[in-house]
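Trainee: Just dropping this structure here.
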Amino acid sequence: MSISDSQPFVPVILGGDIGTYSLAREFHEAYGITSVGVPAGGNGVIDNSVALELRPAGSILDEDRVVAHLLALGKELTNDGANPRPLLLCGSLDLHVMLITRRRAELEAYFTIPYVPLEMMEQAALKENFYALCTRLGIPHPFTVSYDPATAPELLPADLPFPLIGKPSDSSTWITAKFAGKQKIHTINSRAELMDLLGKIQTSGYAEPYILQELIPGGDSNMRLCTYFSSQDGTVQFAGYGEVVVEEHSPLVLGNSAAIVTAVDSEVIGHGRRLLEELGWTGFSMFDAKLDPRDGVIKFFELNPRLGRNHYYLTAAGANAACFYVREYLGAEFDSTDLEPGIVRTDRHGVKVLAVEHLYTVLPHHLLRRFLDSEVGAKAAALLKAGKVSNPLRYSAEKHPKRKLFVLLNSVNHYRKYKAFPPRTP
(Lines give C-alpha, C1' and ligand atoms only; values in the text may rest on other atoms or scores of the structure.)
Protein backbone atom coordinates (compact mmCIF):
# COMPACT_ATOMS: atom_id res chain seq x y z
CA MET A 1 0.00 0.00 0.00
CA SER A 2 1.11 3.57 -0.61
CA ILE A 3 -0.45 6.98 -0.05
CA SER A 4 -1.99 8.31 -3.24
CA ASP A 5 -0.69 11.66 -4.48
CA SER A 6 -4.33 12.70 -4.88
CA GLN A 7 -5.14 12.22 -1.19
CA PRO A 8 -5.86 15.76 0.09
CA PHE A 9 -4.21 15.35 3.53
CA VAL A 10 -2.41 12.65 5.47
CA PRO A 11 -2.81 11.80 9.16
CA VAL A 12 0.44 10.45 10.62
CA ILE A 13 -0.19 8.53 13.84
CA LEU A 14 2.65 7.70 16.21
CA GLY A 15 1.88 4.44 18.01
CA GLY A 16 0.69 0.90 17.41
CA ASP A 17 -2.19 0.09 19.77
CA ILE A 18 -5.95 -0.06 19.39
CA GLY A 19 -6.09 3.73 19.80
CA THR A 20 -3.86 4.10 16.73
CA TYR A 21 -6.06 1.75 14.74
CA SER A 22 -9.27 3.42 15.93
CA LEU A 23 -8.10 6.88 14.85
CA ALA A 24 -6.99 5.56 11.46
CA ARG A 25 -10.36 3.84 11.06
CA GLU A 26 -12.12 7.12 11.92
CA PHE A 27 -10.23 9.02 9.21
CA HIS A 28 -11.03 6.21 6.77
CA GLU A 29 -14.72 6.12 7.73
CA ALA A 30 -15.15 9.89 7.45
CA TYR A 31 -12.99 10.68 4.43
CA GLY A 32 -11.98 7.39 2.76
CA ILE A 33 -8.30 8.20 3.30
CA THR A 34 -5.31 6.17 4.45
CA SER A 35 -3.28 7.19 7.50
CA VAL A 36 0.41 6.49 8.04
CA GLY A 37 1.03 4.55 11.23
CA VAL A 38 4.42 4.91 12.92
CA PRO A 39 4.77 2.10 15.48
CA ALA A 40 7.91 0.55 16.90
CA GLY A 41 6.97 -2.48 14.79
CA GLY A 42 3.93 -4.22 13.38
CA ASN A 43 1.35 -6.20 15.34
CA GLY A 44 -2.02 -7.80 14.72
CA VAL A 45 -4.04 -4.73 15.74
CA ILE A 46 -2.56 -2.54 13.01
CA ASP A 47 -1.28 -5.02 10.39
CA ASN A 48 -3.07 -5.67 7.07
CA SER A 49 -5.48 -2.75 7.44
CA VAL A 50 -7.15 -0.80 4.66
CA ALA A 51 -6.92 2.31 6.85
CA LEU A 52 -3.18 2.23 7.63
CA GLU A 53 0.13 2.21 5.85
CA LEU A 54 2.76 1.20 8.39
CA ARG A 55 6.14 2.90 8.50
CA PRO A 56 7.82 1.52 11.67
CA ALA A 57 10.35 3.72 13.44
CA GLY A 58 12.05 1.08 15.60
CA SER A 59 12.32 1.84 19.30
CA ILE A 60 10.04 4.72 20.24
CA LEU A 61 12.36 5.39 23.20
CA ASP A 62 15.13 6.62 20.85
CA GLU A 63 13.73 10.13 20.50
CA ASP A 64 16.27 11.47 18.02
CA ARG A 65 15.75 8.46 15.76
CA VAL A 66 11.97 8.83 15.88
CA VAL A 67 12.13 12.54 15.06
CA ALA A 68 14.50 11.91 12.14
CA HIS A 69 12.12 9.22 10.88
CA LEU A 70 9.13 11.57 11.14
CA LEU A 71 10.97 14.38 9.34
CA ALA A 72 11.87 12.01 6.50
CA LEU A 73 8.21 10.96 6.29
CA GLY A 74 7.15 14.60 6.30
CA LYS A 75 9.41 15.43 3.39
CA GLU A 76 8.12 12.41 1.46
CA LEU A 77 4.40 12.89 2.13
CA THR A 78 3.96 16.64 1.89
CA ASN A 79 4.39 16.68 -1.93
CA ASP A 80 6.77 19.30 -3.26
CA GLY A 81 5.24 22.33 -4.85
CA ALA A 82 3.67 25.70 -4.17
CA ASN A 83 0.81 24.11 -2.19
CA PRO A 84 2.25 21.42 0.09
CA ARG A 85 -0.20 18.76 1.26
CA PRO A 86 -1.22 19.13 4.92
CA LEU A 87 0.05 16.46 7.33
CA LEU A 88 -1.58 16.04 10.76
CA LEU A 89 0.68 14.46 13.41
CA CYS A 90 -1.01 12.60 16.29
CA GLY A 91 0.22 10.40 19.14
CA SER A 92 -1.56 7.46 20.73
CA LEU A 93 0.06 7.47 24.20
CA ASP A 94 1.33 10.13 26.60
CA LEU A 95 4.85 9.06 25.60
CA HIS A 96 4.14 9.92 21.97
CA VAL A 97 2.37 13.19 22.68
CA MET A 98 5.14 14.39 25.00
CA LEU A 99 7.74 13.56 22.34
CA ILE A 100 5.80 15.48 19.70
CA THR A 101 5.36 18.54 21.90
CA ARG A 102 9.00 18.53 23.06
CA ARG A 103 10.20 18.50 19.43
CA ARG A 104 7.47 20.74 18.04
CA ALA A 105 9.91 23.34 16.65
CA GLU A 106 11.47 20.75 14.32
CA LEU A 107 8.33 18.79 13.44
CA GLU A 108 6.26 21.84 12.51
CA ALA A 109 8.39 22.18 9.39
CA TYR A 110 6.06 19.54 7.88
CA PHE A 111 3.29 18.73 10.35
CA THR A 112 0.26 20.37 11.89
CA ILE A 113 0.40 19.48 15.60
CA PRO A 114 -2.96 19.48 17.45
CA TYR A 115 -1.56 19.62 21.00
CA VAL A 116 -1.07 22.29 23.63
CA PRO A 117 2.44 23.62 24.35
CA LEU A 118 4.64 21.50 26.59
CA GLU A 119 4.41 23.93 29.51
CA MET A 120 0.61 23.69 29.61
CA MET A 121 0.70 19.92 29.18
CA GLU A 122 3.00 19.55 32.17
CA GLN A 123 0.92 22.00 34.19
CA ALA A 124 -2.15 19.77 33.94
CA ALA A 125 -1.13 16.28 32.86
CA LEU A 126 1.51 15.74 35.55
CA LYS A 127 -0.62 14.38 38.34
CA GLU A 128 0.69 16.44 41.25
CA ASN A 129 -0.08 19.61 39.27
CA PHE A 130 -3.50 18.27 38.30
CA TYR A 131 -4.56 17.64 41.92
CA ALA A 132 -3.39 21.09 42.99
CA LEU A 133 -5.53 22.59 40.21
CA CYS A 134 -8.54 20.48 41.26
CA THR A 135 -8.13 21.73 44.83
CA ARG A 136 -8.01 25.35 43.71
CA LEU A 137 -11.11 24.98 41.51
CA GLY A 138 -13.10 22.88 43.97
CA ILE A 139 -13.24 19.81 41.74
CA PRO A 140 -13.71 16.53 43.68
CA HIS A 141 -10.67 14.22 43.74
CA PRO A 142 -9.25 11.54 46.06
CA PHE A 143 -6.87 12.20 48.97
CA THR A 144 -3.43 12.31 47.35
CA VAL A 145 0.24 12.48 48.35
CA SER A 146 3.11 13.05 45.93
CA TYR A 147 6.36 11.19 46.71
CA ASP A 148 9.73 12.35 45.37
CA PRO A 149 11.96 9.28 44.71
CA ALA A 150 15.01 11.37 45.65
CA THR A 151 13.82 11.55 49.28
CA ALA A 152 13.58 8.93 52.03
CA PRO A 153 10.26 7.00 51.98
CA GLU A 154 10.19 7.18 55.77
CA LEU A 155 9.40 10.90 55.53
CA LEU A 156 5.90 10.19 54.19
CA PRO A 157 3.03 10.84 56.61
CA ALA A 158 2.50 8.09 59.18
CA ASP A 159 -1.31 8.13 58.84
CA LEU A 160 -1.70 7.27 55.13
CA PRO A 161 -5.14 5.69 54.49
CA PHE A 162 -4.37 2.15 53.29
CA PRO A 163 -5.13 0.60 50.90
CA LEU A 164 -3.50 3.04 48.49
CA ILE A 165 -3.20 3.23 44.74
CA GLY A 166 0.31 4.00 43.47
CA LYS A 167 0.88 5.45 40.01
CA PRO A 168 3.52 7.55 38.27
CA SER A 169 2.95 11.27 37.93
CA ASP A 170 4.54 11.15 34.48
CA SER A 171 3.39 8.03 32.67
CA SER A 172 5.47 8.95 29.61
CA THR A 173 8.72 8.32 31.55
CA TRP A 174 7.39 5.45 33.67
CA ILE A 175 7.78 3.21 30.62
CA THR A 176 11.57 3.32 31.09
CA ALA A 177 11.45 2.28 34.77
CA LYS A 178 12.70 -1.28 35.37
CA PHE A 179 12.06 -3.38 38.47
CA ALA A 180 10.55 -6.74 39.37
CA GLY A 181 6.77 -6.64 39.71
CA LYS A 182 6.34 -3.27 37.97
CA GLN A 183 2.75 -2.46 37.03
CA LYS A 184 0.96 0.44 35.41
CA ILE A 185 -0.96 0.90 38.69
CA HIS A 186 -0.02 -0.64 42.05
CA THR A 187 -2.41 -1.49 44.87
CA ILE A 188 -0.63 -1.08 48.22
CA ASN A 189 -2.19 -2.67 51.30
CA SER A 190 0.26 -1.82 54.09
CA ARG A 191 3.16 0.38 55.14
CA ALA A 192 5.55 -2.54 54.58
CA GLU A 193 4.33 -2.99 51.00
CA LEU A 194 4.71 0.75 50.44
CA MET A 195 8.31 0.83 51.68
CA ASP A 196 9.19 -2.17 49.50
CA LEU A 197 7.66 -0.59 46.38
CA LEU A 198 9.24 2.84 46.90
CA GLY A 199 12.64 1.21 47.48
CA LYS A 200 12.35 -0.50 44.10
CA ILE A 201 11.28 2.73 42.40
CA GLN A 202 14.30 4.57 43.81
CA THR A 203 16.64 2.22 41.88
CA SER A 204 14.45 1.81 38.78
CA GLY A 205 15.59 4.84 36.81
CA TYR A 206 12.29 6.67 37.35
CA ALA A 207 12.99 10.06 38.94
CA GLU A 208 9.66 11.91 38.65
CA PRO A 209 7.09 12.16 41.47
CA TYR A 210 5.13 9.03 42.32
CA ILE A 211 1.50 9.50 43.32
CA LEU A 212 -0.02 7.76 46.36
CA GLN A 213 -3.77 8.02 46.48
CA GLU A 214 -6.60 6.65 48.60
CA LEU A 215 -8.29 3.66 47.00
CA ILE A 216 -11.89 4.55 46.29
CA PRO A 217 -14.00 1.42 46.81
CA GLY A 218 -16.16 -0.04 44.08
CA GLY A 219 -15.69 -2.21 41.03
CA ASP A 220 -15.08 -1.47 37.38
CA SER A 221 -18.63 -0.20 36.82
CA ASN A 222 -17.89 2.78 39.11
CA MET A 223 -15.29 4.09 36.66
CA ARG A 224 -16.14 7.11 34.52
CA LEU A 225 -14.46 8.99 31.67
CA CYS A 226 -15.16 12.14 29.73
CA THR A 227 -13.57 13.29 26.49
CA TYR A 228 -13.56 16.95 25.43
CA PHE A 229 -12.66 18.92 22.35
CA SER A 230 -11.64 22.56 22.74
CA SER A 231 -11.24 25.09 19.93
CA GLN A 232 -7.98 26.95 19.39
CA ASP A 233 -9.34 29.92 21.35
CA GLY A 234 -9.57 27.70 24.46
CA THR A 235 -13.36 27.23 24.45
CA VAL A 236 -14.76 23.75 25.10
CA GLN A 237 -16.93 22.82 22.10
CA PHE A 238 -17.80 19.17 22.73
CA ALA A 239 -18.00 16.64 25.56
CA GLY A 240 -18.67 12.91 25.44
CA TYR A 241 -19.21 11.13 28.78
CA GLY A 242 -18.94 7.40 29.36
CA GLU A 243 -19.66 4.89 32.13
CA VAL A 244 -17.36 1.87 32.23
CA VAL A 245 -18.97 -1.58 32.27
CA VAL A 246 -15.79 -3.61 32.76
CA GLU A 247 -12.04 -3.02 32.54
CA GLU A 248 -9.13 -5.18 31.50
CA HIS A 249 -7.09 -6.71 34.31
CA SER A 250 -4.11 -8.45 32.73
CA PRO A 251 -0.91 -6.65 33.83
CA LEU A 252 0.04 -5.01 30.52
CA VAL A 253 -3.36 -3.37 30.00
CA LEU A 254 -4.58 -3.07 33.60
CA GLY A 255 -7.16 -0.32 33.98
CA ASN A 256 -8.02 0.06 30.30
CA SER A 257 -11.75 0.05 29.59
CA ALA A 258 -13.11 -3.02 27.80
CA ALA A 259 -16.72 -1.84 27.56
CA ILE A 260 -18.24 1.66 27.87
CA VAL A 261 -21.81 2.95 27.78
CA THR A 262 -22.25 6.55 26.66
CA ALA A 263 -24.32 8.69 29.03
CA VAL A 264 -24.73 12.30 30.22
CA ASP A 265 -23.68 13.75 33.59
CA SER A 266 -23.93 17.52 33.53
CA GLU A 267 -22.05 18.02 36.81
CA VAL A 268 -19.02 15.98 35.73
CA ILE A 269 -19.00 17.60 32.29
CA GLY A 270 -19.13 21.01 33.96
CA HIS A 271 -16.17 20.25 36.26
CA GLY A 272 -14.01 19.23 33.31
CA ARG A 273 -15.06 22.25 31.28
CA ARG A 274 -14.10 24.65 34.08
CA LEU A 275 -10.67 23.08 34.46
CA LEU A 276 -9.95 23.09 30.72
CA GLU A 277 -11.08 26.66 30.19
CA GLU A 278 -9.09 27.79 33.24
CA LEU A 279 -6.01 26.39 31.48
CA GLY A 280 -6.95 27.66 28.04
CA TRP A 281 -6.69 24.08 26.75
CA THR A 282 -6.99 23.34 23.02
CA GLY A 283 -7.69 20.13 21.12
CA PHE A 284 -8.69 16.84 22.71
CA SER A 285 -8.41 15.88 26.37
CA MET A 286 -9.81 13.05 28.46
CA PHE A 287 -10.51 12.75 32.19
CA ASP A 288 -10.58 9.54 34.23
CA ALA A 289 -12.85 9.58 37.28
CA LYS A 290 -14.68 7.24 39.67
CA LEU A 291 -18.00 7.21 41.48
CA ASP A 292 -17.29 7.01 45.22
CA PRO A 293 -20.05 4.86 46.77
CA ARG A 294 -19.31 6.33 50.21
CA ASP A 295 -20.70 9.75 49.31
CA GLY A 296 -22.09 9.37 45.76
CA VAL A 297 -19.58 11.88 44.35
CA ILE A 298 -17.67 11.30 41.10
CA LYS A 299 -14.02 12.11 41.80
CA PHE A 300 -11.46 13.06 39.18
CA PHE A 301 -8.23 11.05 38.85
CA GLU A 302 -6.28 12.56 35.96
CA LEU A 303 -6.23 14.54 32.74
CA ASN A 304 -4.93 12.78 29.64
CA PRO A 305 -3.64 15.37 27.13
CA ARG A 306 -4.94 13.41 24.13
CA LEU A 307 -7.62 11.06 22.90
CA GLY A 308 -7.88 7.98 25.11
CA ARG A 309 -7.04 4.44 23.99
CA ASN A 310 -10.76 3.61 23.82
CA HIS A 311 -11.98 6.90 22.38
CA TYR A 312 -13.86 5.08 19.61
CA TYR A 313 -16.81 5.08 22.02
CA LEU A 314 -17.45 8.61 20.72
CA THR A 315 -17.44 7.65 17.06
CA ALA A 316 -19.57 4.57 17.75
CA ALA A 317 -22.25 6.90 19.16
CA GLY A 318 -22.05 9.23 16.15
CA ALA A 319 -19.35 11.83 16.99
CA ASN A 320 -16.36 10.89 14.81
CA ALA A 321 -13.22 12.20 16.55
CA ALA A 322 -11.30 12.61 13.29
CA CYS A 323 -13.75 15.24 12.05
CA PHE A 324 -13.00 17.53 15.01
CA TYR A 325 -9.29 17.43 14.15
CA VAL A 326 -9.85 18.16 10.48
CA ARG A 327 -12.35 20.99 10.95
CA GLU A 328 -10.31 22.79 13.60
CA TYR A 329 -6.73 22.22 12.47
CA LEU A 330 -6.83 21.72 8.70
CA GLY A 331 -9.82 23.90 7.81
CA ALA A 332 -13.32 23.77 6.37
CA GLU A 333 -12.02 23.16 2.84
CA PHE A 334 -11.07 19.63 3.92
CA ASP A 335 -14.27 18.86 5.81
CA SER A 336 -17.96 19.46 5.25
CA THR A 337 -19.28 17.06 7.90
CA ASP A 338 -21.06 18.06 11.08
CA LEU A 339 -22.69 16.34 14.03
CA GLU A 340 -26.10 15.01 13.03
CA PRO A 341 -29.17 16.46 14.77
CA GLY A 342 -30.10 14.23 17.70
CA ILE A 343 -26.52 13.07 18.33
CA VAL A 344 -25.79 15.98 20.67
CA ARG A 345 -27.60 18.50 22.80
CA THR A 346 -26.22 21.94 23.60
CA ASP A 347 -25.88 22.84 27.28
CA ARG A 348 -26.20 26.31 28.83
CA HIS A 349 -22.48 26.95 28.30
CA GLY A 350 -22.74 26.26 24.56
CA VAL A 351 -21.02 22.85 24.81
CA LYS A 352 -22.32 20.16 22.48
CA VAL A 353 -22.82 17.11 24.71
CA LEU A 354 -23.03 13.62 23.22
CA ALA A 355 -26.58 12.53 24.03
CA VAL A 356 -26.94 9.11 22.37
CA GLU A 357 -26.77 5.88 24.37
CA HIS A 358 -24.45 3.34 22.73
CA LEU A 359 -22.29 0.43 23.89
CA TYR A 360 -18.62 0.27 22.95
CA THR A 361 -16.75 -2.96 23.64
CA VAL A 362 -13.64 -4.85 22.58
CA LEU A 363 -14.99 -8.09 24.09
CA PRO A 364 -17.02 -10.87 22.45
CA HIS A 365 -20.65 -10.34 23.42
CA HIS A 366 -20.91 -13.76 25.05
CA LEU A 367 -17.97 -12.91 27.33
CA LEU A 368 -19.24 -9.41 28.08
CA ARG A 369 -22.59 -10.79 29.29
CA ARG A 370 -20.75 -12.36 32.24
CA PHE A 371 -19.98 -8.89 33.64
CA LEU A 372 -23.34 -7.13 33.52
CA ASP A 373 -24.42 -7.46 37.16
CA SER A 374 -24.40 -3.72 37.89
CA GLU A 375 -26.50 -0.67 37.12
CA VAL A 376 -24.24 0.21 34.21
CA GLY A 377 -24.25 -3.45 33.16
CA ALA A 378 -28.04 -3.36 32.92
CA LYS A 379 -27.75 -0.45 30.48
CA ALA A 380 -25.19 -2.45 28.47
CA ALA A 381 -27.50 -5.48 28.41
CA ALA A 382 -30.35 -3.39 26.97
CA LEU A 383 -28.07 -1.92 24.30
CA LEU A 384 -26.77 -5.38 23.40
CA LYS A 385 -30.34 -6.58 22.97
CA ALA A 386 -31.15 -3.54 20.80
CA GLY A 387 -28.04 -4.06 18.65
CA LYS A 388 -26.64 -0.63 19.62
CA VAL A 389 -23.10 -1.92 20.08
CA SER A 390 -19.77 -1.42 18.28
CA ASN A 391 -16.28 -2.95 18.37
CA PRO A 392 -13.52 -0.79 16.80
CA LEU A 393 -11.76 -3.86 15.36
CA ARG A 394 -14.85 -5.06 13.52
CA TYR A 395 -14.79 -2.78 10.47
CA SER A 396 -16.66 -3.94 7.39
CA ALA A 397 -14.15 -2.25 5.06
CA GLU A 398 -11.39 -4.62 6.24
CA LYS A 399 -11.19 -7.50 3.73
CA HIS A 400 -7.71 -8.98 4.27
CA PRO A 401 -8.04 -12.64 5.39
CA LYS A 402 -5.13 -12.32 7.84
CA ARG A 403 -6.89 -9.44 9.52
CA LYS A 404 -10.14 -11.36 9.80
CA LEU A 405 -8.20 -14.24 11.38
CA PHE A 406 -6.55 -11.85 13.85
CA VAL A 407 -9.90 -10.41 14.95
CA LEU A 408 -11.20 -13.94 15.56
CA LEU A 409 -8.12 -15.01 17.52
CA ASN A 410 -8.17 -11.75 19.47
CA SER A 411 -11.72 -12.52 20.59
CA VAL A 412 -10.69 -16.01 21.71
CA ASN A 413 -7.72 -14.54 23.59
CA HIS A 414 -10.03 -12.36 25.68
CA TYR A 415 -11.57 -15.50 27.20
CA ARG A 416 -8.10 -16.65 28.25
CA LYS A 417 -7.18 -13.26 29.72
CA TYR A 418 -10.36 -12.89 31.75
CA LYS A 419 -10.02 -16.43 33.10
CA ALA A 420 -6.48 -15.65 34.26
CA PHE A 421 -7.18 -12.07 35.38
CA PRO A 422 -10.87 -11.66 36.28
CA PRO A 423 -12.39 -8.26 37.12
CA ARG A 424 -12.16 -7.10 40.70
CA THR A 425 -15.26 -7.42 42.84
CA PRO A 426 -16.70 -4.26 44.46
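The values are calculated or read from the model by the stated rules, or taken from the named source; none is laboratory data. All values derive from a computational prediction rather than experimental measurement. Neighbour counts run over all protein chains shown; Cβ positions are idealised from the backbone, glycine included. Ligands, DNA and RNA are excluded from the accessible area calculation, which covers all protein heavy atoms including side chains. Shrake-Rupley method; radii C 1.70, N 1.55, O 1.52, S 1.80 Å.
Trainee: In nanometres, what is the gap between the two model label sites at residue 104 and residue 424, each 7 Å from Cα along Cα-to-Cβ?
Mentor: 3.6
Trainee: Let me ask you something else. Hull surface divided by four, with the convex hull built on the Cα atoms of region 1-157: how many nm²?
Mentor: Taking a quarter of the hull surface, the average projection is 12.7 nm².
Trainee: Over all alpha-carbon pairs of region 1-60, lay out the pair-distance distribution in 10 Å bins, whole %, shortest bin first.
Mentor: All Cα pairs considered, the percentages come to 27, 58, 15, 0.
Trainee: Give me the Kirkwood hydrodynamic radius of region 212-332, using the inverse of the mean 1/r over all pairs of distinct Cα atoms, in Å to one decimal.
Mentor: 15.0
Trainee: Would you work out the Kirkwood radius for region 143-296? I mean one over the mean of 1/r across all pairs of different Cα atoms, in Å.
Mentor: Kirkwood radius, region 143-296: 17.3 Å.
Trainee: Ignoring ligands, DNA and RNA, what accessible area per residue does the chain give at 1.4 Å, in Å²?
Mentor: For the chain, the solvent-accessible area averages 41 Å² per residue.
Trainee: Right, next: Assign one of three labels to the chain, namely rounded, prolate or oblate, based on the Cα gyration tensor with a ≥ b ≥ c the square roots of its eigenvalues; rounded applies when a/c is under 1.5, prolate when it is not and a/b is larger than b/c, and oblate otherwise.
Mentor: rounded
Trainee: I would also like to ask the following. Determine the dipole magnitude for the chain: charges of +1 sit on the beta-carbon of Lys and Arg, -1 on that of Asp and Glu, nothing else is charged, the reference point is the Cα centre, and the result goes in debye to the nearest 20.
Mentor: Dipole size: approximately 1380 debye.
Trainee: Relative to the longest principal axis of the C-alpha atoms of the chain, give the angle of the C-alpha long axis of helix 375-386, reported between 0 and 90° and rounded to the nearest 10°.
Mentor: With rounding to tens, the tilt is 30 degrees.
Trainee: Turning to a different aspect of this structure: Say R0 is 30 Å: what FRET efficiency, to the nearest 0.05, do residue 61 and residue 6 get from their beta-carbon distance?
Mentor: The calculated FRET efficiency here is 0.25.
Trainee: Grab the beta carbon distance between residue 176 and residue 373, set R0 = 45 Å, and tell me the FRET efficiency rounded to 0.05.
Mentor: Using R0 = 45 Å, I get an efficiency of 0.70.
Trainee: Among all the aspartates and glutamates, which ones have a C-alpha under 15 Å from residue 417's C-alpha, if same-chain residues fewer than 8 places away are not counted?
Mentor: Straight-distance partners of residue 417: 247, 248.
Trainee: Moving to a separate point now. Subtracting the Cα-Cα distance from 0.36 nm times the residue separation, let me have the gained length for residue 137 to residue 416 in nm, one decimal.
Mentor: Separation in residues times 0.36 nm, less the Cα-Cα distance, equals 96.1 nm.
Trainee: To continue, here is another question. With the Cα gyration tensor of region 184-241 giving a ≥ b ≥ c as the square roots of its eigenvalues, does the rule (a/c under 1.5 for rounded; else a/b larger than b/c for prolate; else oblate) give rounded, prolate or oblate?
Mentor: Oblate, because a/c is 1.5 or more while a/b does not exceed b/c.
Trainee: How much length is gained if the chain between residue 397 and residue 191 is pulled fully straight, taking 0.36 nm per residue apart and subtracting their Cα-Cα distance, in nm to one decimal?
Mentor: Computed gain between residue 397 and residue 191 is 68.9 nm.
Trainee: Here is a further query. Working with all protein chains in place, sort 315, 203 by solvent-accessible area computed with a 1.4 Å probe, largest first.
Mentor: Accessible-area ranking of 315, 203, largest first: 203, 315.
Trainee: Please determine, in degrees from 0 to 90 and to the nearest 10, the orientation of helix 191-202 with respect to the longest principal axis defined by the Cα atoms of the chain, where the helix direction is its Cα long axis.
Mentor: Helix 191-202 sits at roughly 40 degrees to that axis.
Trainee: Please work out, to two decimal places, the log10 of the ratio I(q)/I(0) at q = 0.12, 0.18, 0.20 Å⁻¹ from a Debye calculation in which every Cα of region 290-413 carries one identical scatterer.
Mentor: -0.65, -1.30, -1.40
Trainee: If packing is taken as the average count of other Cβ atoms within 10 Å, what order do 316-323, 120-127, 363-370, 375-382 fall into, highest mean first?
Mentor: 316-323, 120-127, 375-382, 363-370
Trainee: Straight-line reach only, C-alpha to C-alpha below 20 angstrom: list the aspartates and glutamates that residue 200 could link to, leaving out same-chain residues fewer than 8 apart.
Mentor: Cross-link targets: 148, 154, 170, 208.
Trainee: Another question about this same structure. What share of the DSSP beta bridges in the chain is antiparallel, in percent to the nearest 5?
Mentor: 75
Trainee: For the residue pair residue 345 and residue 76, what label-to-label distance in nm results when each label sits 7 Å from Cα along the Cα-to-beta-carbon direction?
Mentor: So the label points at residue 345 and residue 76 sit 4.9 nm apart.
Trainee: Just grab the label-to-label distance for residue 332 and residue 231, each label 7 Å out from Cα along the Cβ direction, in nm (one decimal).
Mentor: The answer from the label model is 1.2 nm.
Trainee: Here's another thing I want to ask about it. To the nearest 20 debye, what charge dipole does region 146-301 have about its Cα centre, counting +1 at the Cβ of each Lys and Arg and -1 at the Cβ of each Asp and Glu?
Mentor: Approximately 320 debye in magnitude.
Trainee: Among the listed pairs 184/290; 379/404; 127/299, which are separated by more than 20 Å between their Cα atoms?
Mentor: 379/404
Trainee: Mind pulling the angle between the C-alpha long axis of helix 18-31 and the longest principal axis of the chain? Nearest 10 degrees, somewhere in 0 to 90.
Mentor: Around 30 degrees separate the two axes.
Trainee: OK, next. Would you calculate the volume per residue, in Å³, of the smallest convex hull containing every Cα atom of region 86-161?
Mentor: For region 86-161, the hull spanned by Cα atoms encloses 135 Å³ per residue.
Trainee: Considering only protein heavy atoms and a probe of 1.4 Å, how much of the accessible area of the chain is carbon and sulfur, as a whole percent?
Mentor: It is 53 percent, rounded to a whole number.
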